[in-house]
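Visitor: Mind having a look at this structure? Questions to follow.
The values are calculated or read from the model by the stated rules, or taken from the named source; none is laboratory data. On a predicted model such as this, the values are computed, not experimentally measured, just so you know. Don't worry about glycine lacking a Cβ; one is built from the backbone with ideal geometry, like all the others, and counts go over all protein chains shown.
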Amino acid sequence: MNNPRALAINIIFLLIPIVISLIFAALLVGAVGRDPLEVVDALWKGAFKDSRKLGGVVNFWIPLTLVSIGLVVTFRAGLWNIGVEGQMMMGAIFASWGAQFIPLGENLAPLLQLLLIAIAALGGMFWGFVVGVLKIRLGVNEIFGGVALNALVNVISIYLISGPWQPRIGGSAQGTEPFPKAALLPEFSNTFPVNIFMIALVFAAFAIVLLMLNGTRWGLNLKAVGVNMRSALLLGVAIERTSMSAFLACGALAGIAGSYRVLFTFDNLRPLASGGIGFLGLLVVLLLSIRLLWVPLITFAFAAILTGSTRLQIAPSLKLDSSLAGVLQGTLVLAVILFQGVHEVFFPNTLSEEDAES
């Protein structure tokens, strides 16, 4: 888009919802007798006070960004992959199996960790494949199939934790025993507890998906299927294969995100280890209207808000529930959807190609 006026209008319609959501949150805080500036200060300190806090933000950003990148692929194909949360959990289960039963010692720790990440990707792909089969072969809408499979994988994880993989001290639904040290992804340092390899993997996945979507026939096929499936079929696009490939790609990235939760964040498998990150990724992609370039930045903002919100409960002068962050995010998403509609109605000629298609 080379039109300066169109660019300016798009930027304005991106900023207006952010400003409105911030004003709403400030009014809400003021209504309960708290100073909005103190809330901002608490959020900032909770996310960026020191390198350890920043590490917490990055550790949430890694799986959220992986999931969001994968969802851009399925949304580009016109598929509402609600089952991404389950694909993340299945990746966590596969990685947990490998961490417990693949007999590689600490001298082969890097190889084991790479293997576990690959196994987790296969787990996510498998669960994405099931959603795809239900959608493509059996005609089950991916939303309903995804919701059902999300619930099923959570039952499976609880069964494993309280049954075959229960701790030696006895059955428990809290989690498995901690995984061997060789299976766990190492921290960069005590002051910046993140895994550098996974950060690099996120940027590699971002670059590869960006190239695939915008520079290959596969990306063009995804776009064609997402815009008009009937026309894509007439043009000779293999609709079923293209749709399945989108589920598999998203499932692989979600599975890797799940492995990070169990191999770094928790050091074991726990119920609901995905932490709702898959659903948050859906909000991110809705917010961005499948603009992949903005994904790392927006996911970082969401990670900072969620991580920083934990300080709202412990700040002596605030004592606010951390759910305020959820209110801010929900308001932001609603405002974006509302103003996207206004944008399309009153300024249709300023929409970018991706906006128009989404």
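Visitor: Take the stretch 107-157 and flag every residue that is farther than 23 Å from Phe75 by Cβ and not aliphatic (A, V, I, L, M).
Guide: Within the stretch 107-157, Asn107, Pro110, Gln113, Asn154, Ser157 meet the criteria.
Visitor: Continuing with this model, one more query. Going by the structure shown, is Val237 without any contact (Cβ under 8 Å) to a residue 24 or more places away in the chain and in the same structural domain as Ala99 (by TED's automatic domain parsing)?
Guide: Working: without any contact (Cβ under 8 Å) to a residue 24 or more places away in the chain: yes; in the same structural domain as Ala99 (by TED's automatic domain parsing): yes.
Here the answer is yes, as Val237 does meet what is asked.
Visitor: Restricting the stretch 285-304 to residues that are part of a helix (DSSP H, G or I) and modelled with pLDDT under 85, which is farthest from Val327 (Cα to Cα)? Working first, answer last.
Guide: Start the filter on the stretch 285-304 by keeping residues that are part of a helix (DSSP H, G or I), which leaves 285-288, 292-304.
This time we only want the ones that are modelled with pLDDT under 85, so: 286-288.
On the way: Leu286: 17, Leu287: 15, Leu288: 18 Å.
Within the stretch 285-304, the match that is farthest from Val327 (Cα to Cα) is Leu288.
Visitor: Another question about this same structure. Is there a residue in the stretch 115-132 that is at pLDDT 95 or above, farther than 20 Å from Gly98 by Cβ and out of contact with any helix residue (DSSP H, G or I) (no Cβ under 7 Å at 6 or more places or on another chain)?
Guide: No; the residues of the stretch 115-132 include none that is at pLDDT 95 or above, farther than 20 Å from Gly98 by Cβ and out of contact with any helix residue (DSSP H, G or I) (no Cβ under 7 Å at 6 or more places or on another chain).
Okay, residues lined up against (1) touching a residue at least 40 places away in the same chain (Cβ under 8 Å); (2) part of a helix (DSSP H, G or I); (3) more than 12 Å from Leu66 (Cα to Cα):
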{"residue": "Phe192", "(1), (2), (3)": "yes, no, yes"}
{"residue": "Ala200", "(1), (2), (3)": "no, yes, no"}
{"residue": "Ala204", "(1), (2), (3)": "no, yes, no"}
{"residue": "Leu210", "(1), (2), (3)": "yes, yes, yes"}
{"residue": "Leu213", "(1), (2), (3)": "yes, yes, yes"}
{"residue": "Leu220", "(1), (2), (3)": "no, yes, yes"}
{"residue": "Val225", "(1), (2), (3)": "yes, yes, yes"}
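Visitor: Name every residue in the stretch 200-244 that is among the hydroxyl-bearing types (Ser, Thr, Tyr) and more than 18 Å from Gly128 (Cβ to Cβ), in order of residue number. Spell out how you get there, then give the answer.
Guide: Initially, the stretch 200-244 is screened for residues among the hydroxyl-bearing types (Ser, Thr, Tyr), giving 216, 231, 242-243.
Of everything in the stretch 200-244, those that are among the hydroxyl-bearing types (Ser, Thr, Tyr) and more than 18 Å from Gly128 (Cβ to Cβ) turn out to be Thr216, Ser231.
Visitor: Something else: Which residues, counting only those in the stretch 80-92, are in a helix (DSSP H, G or I) and aliphatic (A, V, I, L, M)? Explain how you work it out, then say what you get.
Guide: Taking the stretch 80-92 as the starting set, the residues that turn out to be in a helix (DSSP H, G or I) are 84-92.
Residues satisfying the conditions are Val84, Met88, Met89, Met90, Ala92.
Visitor: Which of the residues belonging to the stretch 20-36 are over 29 Å from the mean Cα position of the chain (by Cα) and either modelled with pLDDT under 80 or under 17 Å from Ala304 (Cα atoms) (or both)?
Guide: Val32, Gly33, Arg34, Asp35 - these are the residues of the stretch 20-36 that are over 29 Å from the mean Cα position of the chain (by Cα) and either modelled with pLDDT under 80 or under 17 Å from Ala304 (Cα atoms) (or both).
For (1) in contact (Cβ under 8 Å) with a residue 40 or more places away in the chain; (2) among the hydroxyl-bearing types (Ser, Thr, Tyr); (3) in a helix (DSSP H, G or I), each residue gets a yes or a no:
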| residue | (1), (2), (3) |
| --- | --- |
| Val67 | yes, no, yes |
| Gly78 | yes, no, no |
| Ala95 | yes, no, yes |
| Ala99 | yes, no, yes |
| Pro110 | no, no, yes |
| Ile117 | yes, no, yes |
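Visitor: Might you check whether a residue that is assigned to a helix (DSSP H, G or I) and in contact with a Leu (Cβ under 7 Å, 6 or more places away or on another chain) occurs anywhere in the stretch 162-174? Step through it out loud before you land on a result.
Guide: The first filter runs over the stretch 162-174 and keeps only residues assigned to a helix (DSSP H, G or I), leaving 162.
Pick out the ones that are also in contact with a Leu (Cβ under 7 Å, 6 or more places away or on another chain) and you get none.
No; the residues of the stretch 162-174 include none that is assigned to a helix (DSSP H, G or I) and in contact with a Leu (Cβ under 7 Å, 6 or more places away or on another chain).
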